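Single-structure report; data block below.
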Amino acid sequence: MLTRRIIPCLDIIKRRVTKGVKFQNNVDLGDPVELAERYYREGCDELVFYDITASAERRPIDIQMVRDVARVVRIPFAVGGGISCLEDMSRALLAGAEKVSVNSLAVQNPAIITDGARAFGAQCVVLGMDPVANPDCARFPSGYEVTVRGFRERTGRDAVAWAREAEERGVGEIVVNSVDADGTRQGYQLDITRRIADAVRVPVVASGGAGCPRHLRDAFVEAHADAAIVAGMIHSGEYTIGRIKQALDADGVPVRKSW
Amino acid sequence: METSFASAHRRENHMLAIVDYKAGNLTSVKLAFDALGQKSVITSDPAIIRAAARVVFPGVGAAGSAMRNLHELGLVPVLREVIASGRPFLGICVGTQILFDFSEEDGGTPCLGILPGRVALFRPGDPRDKVPHMGWNQVRICRPHPLLAGITDNSDFYFVHSYYPQPANPADTLGTTDYAGATFAAMVGRANLVATQFHVEKSGRVGLQLLENFATWDGRTNT
């Protein structure tokens with residue numbers, strides 16, 4: 001049976017792992033390559049790295065970091081932040097990343113999804129999406145509007161409509177990140193995650209808000225997510241990947257148990 | 001019966017060629033062999049592939065463009081020759097799929113026909129089964145093989161694919177996986193040829209074990 005994936009997220013600033021709540025009050029968590037290797041050995045199923053200041057600083061993703069990670073982990077990993085064109089995608093993939101994640105860039109220029117999928121294969125292109133609740137149901141039938149630039153800017157796009165468009169353009173996977181839940185450890189935003197998971201045929205990843213294994217169980221069972229991103233709950237040392245998987249296994253969620 | 005020349009040559013030649021036919025990113029295959037201390041070279045040069053002690057034939061993307069690229073690069077006869085020579089040969093993902101007769105992908109693509117059978121699209125009855133089949137899934141071992149030494153039955157491997165192999169000859173199937181209502185051949189093998197639908201190079205420690213087994217395999221299955 002296909003197992004549900006657990007994906008640690010490493011937010012990167014200047015080649016250090018950082019963690020904040022709603023992108024504020026960031027604290028230093030150490031070296032990304034060391035942390036990646038630790039989570040790999042602890043049995044995570046995949047990893048994701050976001051260079052969270054690259055886009056704002058208009059510089060490309062740290063390719064040397066991508067290379068260094070690729071040397072130590074033997075599982076797939078995605079990178080995002082600082083991807084502004086096909087050339088950036090190509091560099092990240094050739095450095096050893098399995099997938100490249102686009103978010104604001106795709107909203108600005110949706111053709112990047114089509115072009116990326118055509119050039120590198122759909123499985124390489126991940127759409128990150130930051131929906132926020134918007135009760136204007138005439139404009140936003142799903143009840144959620146897509147935002148960009150760390151939830152700071154609204155786009156006028158309906159979240160489910162955008163997910164469907166990205167799927168038609170050939171995206172391989174969609175990460176649904178919730179601002180309301182991000183960093184709060186109060187659980188994923190299940191409602192919009194489920195709406196998107198049920199609307200598309202590509203895998204959907206729940207992101208933002210995980211604080212305990214129960215939250216992951218809810219993302220998989222209630223919100224139909226195929227994978228779930230964890231950050232604070234493991235970075236803090238409160239949980240290990242192994243402990244999360246044990247709890248999910250006990251709840252009947254299929255997970256990869258030996259590695 | 002092997003000539004003494006060939007056997008001496010084999011002992012001295014440790015070169016492993018990773019066939020580059022513009023079908024996706026080969027970095028992680030190379031890095032996996034680097035991690036094992038096994039020298040490898042990414043190449044589309046027929047001379048280097050012909051001279052290699054063992055050959056890895058990876059590939060991501062679509063069967064149609066993969067076959068087109070192979071023909072354009074003049075690699076089809078080279079691959080046949082390497083396989084016929086008895087040298088260890090490992091197909092991965094799309095590299096595996098195009099070893100069969102035919103793939104449903106790209107409106108139907110005639111493939112290499114080295115293994116009898118077809119490659120079919122997942123057609124899930126349950127909409128919750130997403131296509132592509134992406135993530136870690138178990139491989140049930142059907143029969144022992146030198147490349148599976150040290151690997152537990154039902155180990156998880158990493159998959160990313162929308163089409164799956166259906167060998168015509170059941171004896172070619174080494175391991176199976178269940179997804180979207182289908183039980184498919186996740187690993188096939190015949191003589192010196194082994195091919196996996198999963199990404200062995202991204203399958204963690206278990207995948208490394210399989211690659212290490214390949215790097216030391218002599219291409220024979222009888223013990």
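Of note:
- Count of the range A:118-157 residues, restricted to those that are assigned to a helix (DSSP H, G or I) and either open to solvent by less than 20 Å² (accessible area, probe 1.4 Å) or over 24 Å from A:Arg58 (Cα atoms) (or both), is 4.
So that you can scan it fast, the table gives a plain yes or no per residue for (1) open to solvent by 60 Å² or more (accessible area, probe 1.4 Å); (2) at pLDDT below 95; (3) touching a Lys or Arg at 6+ places or on another chain (Cβ under 7 Å):
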position: B:Ser4; (1), (2), (3): yes, yes, no
position: B:Ser7; (1), (2), (3): no, yes, no
position: B:Ala23; (1), (2), (3): no, yes, no
position: B:Thr27; (1), (2), (3): no, yes, no
position: B:Ala63; (1), (2), (3): no, yes, no
position: B:His71; (1), (2), (3): yes, no, no
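- Given (1) within 14 Å of chain B (Cβ to nearest Cβ); (2) over 27 Å from A:Ala197 (Cα atoms); (3) over 18 Å from the mean Cα position of the chain (by Cα), index of the condition A:Arg118 fails: (2)
- Members of the range B:115-140 found to be within 12 Å of chain A (Cβ to nearest Cβ), within 14 Å of B:Ala185 (Cα to Cα) and in a loop (DSSP other than H, G, I, E, B), listed by number: B:Phe122
- The criterion of at least 3 residues that are in contact with a Pro (Cβ under 8 Å, 6 or more places away or on another chain), among the polar types (S, T, N, Q) and within 14 Å of chain B (Cβ to nearest Cβ) is met by none of the strands (runs of 3 or more DSSP E) falling completely within the range A:1-86.
- Per-region count, the range B:18-36, residues in contact with a helix residue (DSSP H, G or I) (Cβ under 7 Å, 6 or more places away or on another chain), in a helix (DSSP H, G or I) and within 10 Å of another protein chain (Cβ to nearest Cβ): 5
- Residue count for the range B:186-223, restricted to those that are more than 12 Å from the chain's Cα centre (by Cα) and either within 14 Å of chain A (Cβ to nearest Cβ) or within 14 Å of B:Gly95 (Cβ to Cβ) (or both): 9
- Hits in the range A:231-259 (condition: in a helix (DSSP H, G or I) and hydrophobic (A, V, I, L, M, F, W, C)): A:Met233, A:Ile234, A:Ile241, A:Ile244, A:Ala247, A:Leu248, A:Ala250
- Check on A:Gln246, under 22 Å from A:Thr147 (Cβ atoms) and open to solvent by 10 Å² or more (accessible area, probe 1.4 Å): no
- Scanning the range A:158-187 for residues that are within 12 Å of A:Pro131 (Cβ to Cβ), in contact with a helix residue (DSSP H, G or I) (Cβ under 8 Å, 6 or more places away or on another chain) and away from chain B (no Cβ under 11 Å) yields a total of 6.
- The residue list A:Asp31, A:Asp45 contains one member that is free of Cβ contacts under 8 Å to residues at least 24 places away in the same chain, in contact with a Lys or Arg (Cβ under 8 Å, 6 or more places away or on another chain) and on the phi < 0 side of the Ramachandran plot, which is A:Asp31.
- Against the criterion of being more than 14 Å from chain B (Cβ to nearest Cβ), under 16 Å from the mean Cα position of the chain (by Cα), open to solvent by 10 Å² or more (accessible area, probe 1.4 Å) and polar (S, T, N, Q), A:Ser207 qualifies.
- The range B:37-49, subset outside any strand (DSSP E or B) and in contact with a helix residue (DSSP H, G or I) (Cβ under 6 Å, 6 or more places away or on another chain), residue nearest to B:Glu72 (Cα to Cα): B:Pro46
- Condition met for A:Thr18 (of a type in the set (S, T, N, Q), crowded, with 18+ Cβ neighbours inside 10 Å and modelled with pLDDT under 95): yes
The values are calculated or read from the model by the stated rules, or taken from the named source; none is laboratory data. Since this is a predicted model, take the numbers as computed values, not measurements. When we count neighbours, we look across all protein chains shown, and the Cβ atoms used for this are built from the backbone with ideal geometry, even at glycine. Please note that ligands, DNA and RNA were not included when accessible areas were found on the heavy atoms of the full protein model with its side chains. Shrake-Rupley method; radii C 1.70, N 1.55, O 1.52, S 1.80 Å.
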